[in-house]
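Some notes on the structure that comes next.
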Amino acid sequence: MIRILVCIVVLLLAGPAFAEKRVALVIGNSAYDNVTRLDNPRNDARLIASTLAGLGFTLVGGGAQLDLDKNKLEAAIQAFSKALPGADVGMFYYAGHGVQVRGSNYLVPVNANPTREADVDFQMVDVALVLRQMEDSGTKLNLVILDACRNNPFGNRGLRSTSNGLAQIQVPEGTLISYATQPGSVAQDGDSGNSPYSRALAEIIKKPGLGIFDAFNQVGVLVKRTTGGSQQPWVSSSPIDGNFYFSGAPGGPALTAPASAAPDPCAQAKAHWEAANAIGTVAAYQDHLRLFPNCTFAGLAKARIEEKTKSVAAIAPPPSRPTTRLPPGVDPADEIVIDTTKGRIVIKLRPDLAPQHAERIKQLARDGYYNNVPFHRVIDGFMAQTGDGQNFNGTGGSKYPNLKQEFSSEPFKRGTVGMARTQSNDSANSQFFICFADASFLNSKYTVIGDVVAGMDVVDRINKGQPPANPDRMVKVQVASDIK
């Protein structure tokens, strides 16, 4: 996955620990509904949020805000704007998809689905909006980080004025802008769970005694070194009045929060629980446990996770013998039989096109990995996706390593089964999807692993949604030759 990081960074006045009021909003969008999902934004946002909390920043929402749609993204920015007056330092961090249209940069909410250029203004959020909120708040210094996917994720959807990368931004007064790489150039996403830039930023800003320009020079050197020189950060700023440090002035102690100033770790638990419970996914409950493991609602969160992941007994077991005649002339060793809550689906695997992927599907079926897994992303007219037997919500993989792509010229059409992946070509692992209709825009970009040869009417009846309110499940998945 290729991503670009645009950082509008403003740092701190030298002085006593936490003398300044520091406010930050940290957002990570990974679980996109209509375009390729991203691996690292959630991880990057969590890393930066925890680092900033340790440096005395008050986090809007109590922590990293994850997977925000348009309404929630705008609401978070508005809450940030209300928290800024009276602050000395304001920081905005965004990781996720971003696009440049007509020279303006836009943040992409997880539910964006533009089909024409005019949709951009209504479905996305202009970075200029964030800058105006910060500039008008009266903060002495401002920091904004845009850790955004460099490539246009919407392909050829009529966005004719879309350009590669994010545009260089005019720097407001009292602001420093740091790009993860030169404007319009390629920035790497990284293979360790975090982008090279966010990982370097989190490491460097914890070092005491570094002025603003020294800190970002060290971040740039570290990124250049870790990427073998392929990524070189870029800095632009307006005049900065005074000396500014993230973690203590030269010769002084590193900034640490005094014990008396430590925030109540459960202060935001109730509000976060209400939001997690409204979402109702395993991932939402897991986020609550991660943020508030010792607070009032931790037990309820564990119970909800158990209900959603251990409810096989509540679902009627599949028939012991096939109720769908297997198509003649197909080797049962290369057929997958899926008994779902709506009926039976039979898939003919294509080891001639994707031998490694076909073998992986069979191995996971024999492991029981797919049993009771929901169809977590079902888009009417496009596809039904399933296959996460780790978290049961589309965010997990398996115990096996990711697969190298096996792209072919085989077209994606109604009934085609493809392997899901992130933006990296070589990131497929366990999840797969079934096309409701022709999807030529996926051709030669995703691995075709098979075709539905029986039960396409069952596929059509799968409950729609992202995720569905009442998701259908694969009750049992078997290799046809293993069925006795």
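Structure above, values below:
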{"item": "Residue count, the stretch 60-79 (criterion: outside any loop (DSSP other than H, G, I, E, B) and touching a residue at least 60 places away in the same chain (Cβ under 8 Å))", "result": "3"}
{"item": "Residue in the stretch 432-448 that is touching a Lys or Arg at 6+ places or on another chain (Cβ under 6 Å), under 15 Å from Gln356 (Cβ atoms) and of a type in the set (A, V, I, L, M) present", "result": "no"}
{"item": "Selection from the stretch 417-431 of residues that are among the small types (Gly, Ala, Ser) and either surrounded by 20 or more Cβ atoms within 10 Å (Cβ to Cβ) or closer than 20 Å to Glu359 by Cβ (or both)", "result": "Gly418, Ala420, Ser427, Ala428, Ser430"}
{"item": "Count of the stretch 20-59 residues which are within 19 Å of the chain's Cα centre (by Cα), of a type in the set (A, V, I, L, M) and part of a helix (DSSP H, G or I)", "result": "4"}
{"item": "Number of the exception - Gly96 against (1) at positive phi; (2) exposed (fewer than 15 other Cβ atoms within 10 Å of the Cβ)", "result": "(2)"}
{"item": "Criterion violated by Gln390 - all others in (1) assigned to a loop (DSSP other than H, G, I, E, B); (2) surrounded by 18 or more Cβ atoms within 10 Å (Cβ to Cβ); (3) modelled with pLDDT of 95 or more satisfied", "result": "(3)"}
{"item": "Residue in the stretch 403-419 that is out of contact with any Leu (no Cβ under 9 Å at 6 or more places or on another chain) and in contact (Cβ under 8 Å) with a residue 60 or more places away in the chain present", "result": "no"}
{"item": "Matching residues, the stretch 393-420, being modelled with pLDDT under 85 and on the phi < 0 side of the Ramachandran plot", "result": "Asn393, Thr395, Gly396, Gly397, Ser398, Lys399"}
{"item": "The lone exception for Gly209 - which of (1) in contact with a Gly (Cβ under 6 Å, 6 or more places away or on another chain); (2) modelled with pLDDT of 80 or more; (3) more than 24 Å from Asp147 (Cα to Cα) it fails", "result": "(1)"}
{"item": "Residue among Ala45, Ala24, Ala76 that alone is at pLDDT below 90 and not basic (Lys, Arg)", "result": "Ala45"}
{"item": "Residue list for the stretch 461-484, restricted to those being assigned to a strand (DSSP E or B) and not aliphatic (A, V, I, L, M)", "result": "Gly465, Arg473, Lys476, Gln478"}
{"item": "Checklist (1) surrounded by fewer than 20 Cβ atoms within 10 Å (Cβ to Cβ); (2) of a type in the set (A, V, I, L, M); (3) assigned to a loop (DSSP other than H, G, I, E, B) applied to Val453, failing item", "result": "(3)"}
{"item": "Residue in the stretch 407-416 that is basic (Lys, Arg), within 19 Å of Asp352 (Cα to Cα), out of contact with any Cys (no Cβ under 6 Å at 6 or more places or on another chain) and assigned by TED's automatic domain parsing to the domain that holds Val477 present", "result": "yes"}
{"item": "The lone exception for Phe441 - which of (1) surrounded by fewer than 22 Cβ atoms within 10 Å (Cβ to Cβ); (2) assigned to a loop (DSSP other than H, G, I, E, B); (3) not acidic (Asp, Glu) it fails", "result": "(2)"}
{"item": "In the stretch 52-91, the residues that are buried (at least 19 other Cβ atoms within 10 Å of the Cβ) and of a type in the set (Val, Ile, Thr)", "result": "Val60, Ile77, Val89"}
{"item": "Test result for Val458, outside any loop (DSSP other than H, G, I, E, B) and in contact with a Leu (Cβ under 9 Å, 6 or more places away or on another chain)", "result": "no"}
{"item": "The stretch 238-252 residues that are under 11 Å from Pro208 (Cα atoms), paired with ones that are modelled with pLDDT of 70 or more and among the hydroxyl-bearing types (Ser, Thr, Tyr) (beta carbon under 9 Å, 6 or more apart)", "result": "Gly252/Tyr245"}
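Quick grid of which residues meet (1) farther than 20 Å from Asn40 by Cβ; (2) in contact (Cβ under 8 Å) with a residue 24 or more places away in the chain; (3) not small (Gly, Ala, Ser):
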residue: Ser81; (1), (2), (3): yes, yes, no
residue: Ala87; (1), (2), (3): yes, yes, no
residue: Ala95; (1), (2), (3): no, yes, no
residue: Asn105; (1), (2), (3): no, yes, yes
residue: Glu117; (1), (2), (3): yes, yes, yes
residue: Met124; (1), (2), (3): yes, yes, yes
residue: Ala128; (1), (2), (3): yes, yes, no
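The values are calculated or read from the model by the stated rules, or taken from the named source; none is laboratory data. Not measured: the values here are computed from a predicted model. Glycine gets a Cβ as well: all are built from the backbone with ideal geometry, and neighbour counts include every protein chain shown.
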